[in-house]
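The next block holds one structure in the form of structure tokens; read it before the comments.
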Amino acid sequence: MTSLPVPVRDVCVRVKMNIGACGPYAHIVAHFEPPGPDGGLELHNAVPEAQLPTEYLPALRAGLQEGLGGVAATVLLTDGTHHPVDSSEYGYKIAGQQAARAALIGAGLLPPEEADTLRWATWPGARDRQD
């Protein structure tokens, strides 16, 4: 299994899909680190329940695993918010996928051009997109 080789901090994802109606909303900020001795995906949450209800963590974890595509990493959630009406598991799954892909780009495991596919993700060192 490949491991994340370097830390990628402050990956921010804010999913907002409001096309004619309420849509999924999710917001997370995460630090990605090389994995611990057990490998795989370790997810740690430092965000208070009132800001990011734990009911969304399984969907977020599933999105992270999908986005990492088998790359082992430790992920620490440092910030996040939810919307009482618009947040959904679907939104947090998208947030996890985009955060993980951003971390792979930031760590050099994916080419920088892949950033163009990440609609809602930002991270230090990301190139500016021409939307």
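Coordinate-derived values only; no laboratory data. Everything numeric in this text was worked out from a predicted model, so none of it was measured. Quick reminder, even Gly has a Cβ in these numbers, built from the backbone with ideal geometry, and neighbours come from all protein chains shown.
Counting DSSP beta bridges in segment 8-122, what percent are antiparallel, to the nearest 5? Taking every DSSP beta bridge with both residues in segment 8-122, the antiparallel ones total about 75 percent.
The listed peptides 42-53, 96-107, 22-33, ordered by packing as a protection proxy, come out as 96-107, 22-33, 42-53 (highest mean of other Cβ atoms within 10 Å first). Any idea what the relative contact order of the chain is, in percent, if you count C-alpha pairs under 8 Å spaced at least 6 apart? For the chain, the relative contact order is 33 percent. For the residues ARG61, ARG119, ARG14, a GNM of the chain with alpha-carbon springs under 10 Å puts the largest fluctuation on ARG119.
The simple Förster model, with R0 at 25 Å and r as the Cβ-Cβ distance, assigns THR117 and TYR90 a FRET efficiency of 0.85. Here the Gaussian network model covers the chain, with springs between Cα atoms less than 10 Å apart; of ASP38, ASP116, ASP79, ASP38 fluctuates the most.
Please compute one quarter of the surface area of the Cα convex hull for the chain and express it in square nanometres. That works out to 7.7 nm².
Could you work out [θ]222 nm for the chain from helices alone, using -39500 (n - 2.57) per DSSP H run of at least four and dividing by all its residues? Round to the nearest 500 deg cm²/dmol. One gets -7500 deg cm²/dmol as the mean residue ellipticity at 222 nm.
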